1. Can you work out D for the stretch 271-362 in µm² s⁻¹ from Stokes-Einstein, where Rh is the Kirkwood radius over C-alpha pairs, the temperature is 37 °C and the viscosity is 0.692 mPa s?
2. Efficiency by 1/(1 + (r/R0)^6): what FRET value for Glu71 and Glu91, r their Cβ-Cβ distance, R0 = 22 Å, to the nearest 0.05?
3. Based solely on its DSSP helices, what 222 nm [θ] is calculated for the chain when runs of n ≥ 4 H residues each add -39,500 (n - 2.57) and the sum is averaged over all residues, nearest 500 deg cm²/dmol?
4. State the percent of C-alpha pairs, over all pairs in the stretch 2-173, separated by a distance greater than 25 angstrom.
5. Quick check for you: which residues of the stretch 60-85 have the amide N under 19 Å from the point 7 Å beyond the Cα of Val365 toward its beta carbon?
6. Quote the charge dipole size of the chain about the Cα centre in Debye, to the nearest 20; the model charges only the Cβ of Lys and Arg (+1) and of Asp and Glu (-1).
7. Rounded to a whole number, what is D in µm²/s for the stretch 194-264 from Stokes-Einstein with the Kirkwood radius over alpha-carbon pairs (37 °C, 0.692 mPa s)?
8. In nanometres, what is the gap between the two model label sites at Ala448 and Ala373, each 7 Å from Cα along Cα-to-Cβ?
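Each value in this text was obtained by applying a stated rule to the coordinates, not by laboratory testing. This one's a predicted model, so the numbers in the text were calculated from it and none came from an experiment. A quick note on method: Cβ atoms are made from the backbone with ideal geometry, for glycine too, and the neighbour counts reach across all protein chains shown.
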Amino acid sequence: MKVLFVNPYIYDFSAYDLWLRPLGLYYLAANVRRHSDAEIYWLDALDRFQDGMEIRGRDDGRGKYPREFVEKPEIYQDVPRNYSRYGIPLELFQSKMAAFPEMDVILVTSLMTYWLQGLQFTLKLLKQRFPRAKIVLGGVLPSLAPTETQSLLPADHYVSGYGETAVLRFLEGLGARVSYTSVLADNIESPLPAVDLAGTQKYVPLLTSRGCPLHCSYCASRLLNPVFLERRPQDILSEIEQRRRVFNSRHFIIFDDALLLNKKKRFLPVFSRLARDKQTRSRFHTPNGLHASEIDRESALVLHAAGFATLRLSFESLAPDILRRSDGKVNRKQMENAVNCLERAGYRRGQLGAYLLFGYPGQTVEDMEKSLAFIKGLGLVPHLSVFSPVPGTADFFELQQRGVLATPLDLLETNKIYFLYQKSGFSLEAILQIKEIAAAISHTNLEAAEGDPL
């Protein structure tokens, strides 16, 4: 049995490769490879490092996706931004499909709920090339919006939540020989994700825990991962050592939503050990943001000594309502303390980033100006995290009840850029003003740090 794993194209107003990797698909491919007799094939429309691509971007692996302007759907006509398909050139995607043998099963993942058109485009290409293959669709979309997914994205089978056991059963039903093991929800340790399928192993994802125990009203982490799972320190260290030894990996992208929570159980044992290892230095990056309330003198020293090069703190806002809806994640004093600890540990303030929610329902220009002024005073680089109404979250249901979002759900309404320009209450002038303030602060604080952020 031949099984093809596919990471689809993106259709959106913007997309940037901030170490975006299909980690769930890597885990799934590893599981199928270990526990079945299926032949594994791989096709990633977003892999900038695969054969046939001219690699551009930063030395640490970040970079722009190739893009092609496409027509905006009707709902987006009044959004003053270009709309594009992001991913490898279509000719390259088609040539790779043409080189494959006929497939029995195609497993397609999904991420953002509003990347609907990218999935539709990719599925159309796959069905044209492999008309007899069974299509299985999994990932975020079937998990958060199952009814809309089945209506808008025809497939032979849909997987909601963890897919390891469900996919093995599906393959077994088609004739594959399968050996069952614990589902990922019970066993996060094995097998390691199949990063060998990627175009490069220089920059590899690393997961030390799955999910988050907090209850932020805008976040779907607990919907996608109902149980907060933490890996054993020795298994994390073994994975890092294996990546270094087998692939010579030097950049590790932390995919955790809550890296520092329960830090004495997991973070400190792992990374204090790495901090003492002076012979094989690695760089660690935290694009998902860190809980600033968990950063004290000890953890800051470990972050610096272990080689954490990209630090972004989850700040969100000074607005009381947003702080409340963020489950009390951080306050002004905790943020100030975290930055002071990081500075004493060896970081320059302009090397540190902070995420601020932008376009949150009820948020005002004054709220944004106060939060940005606070970040400027701390000497940090602001990163505007544009609010997206994620299906299934408390904020999403509240917006539906108020009539801000359609009922039944229109997946394209969940696009963050659309929501910012059309639903957030911010005028075009205010949006541009906030972006200009943030850019000016970034320039000033980066200049003070004498260079790019780590």
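1. On the way: Rh = 13.9 Å.
The Stokes-Einstein estimate is 235 µm²/s.
2. Details: r = 20 Å, r/R0 = 0.91.
Here the calculated transfer efficiency is 0.65.
3. Details: 16 runs with 168 residues, N = 454.
Calculated mean residue ellipticity at 222 nm is -11000 deg cm²/dmol.
4. Values: 4738 of 14706 pairs.
Tail of P(r) above 25 Å: 32 percent of Cα pairs.
5. Zone members listed by number: 80.
6. On the way: 55 positive and 51 negative charges, 244 e Å.
Dipole size: approximately 1160 debye.
7. Working: Rh = 13.5 Å.
Diffusion coefficient, whole number: 244 µm²/s.
8. 1.6 nm
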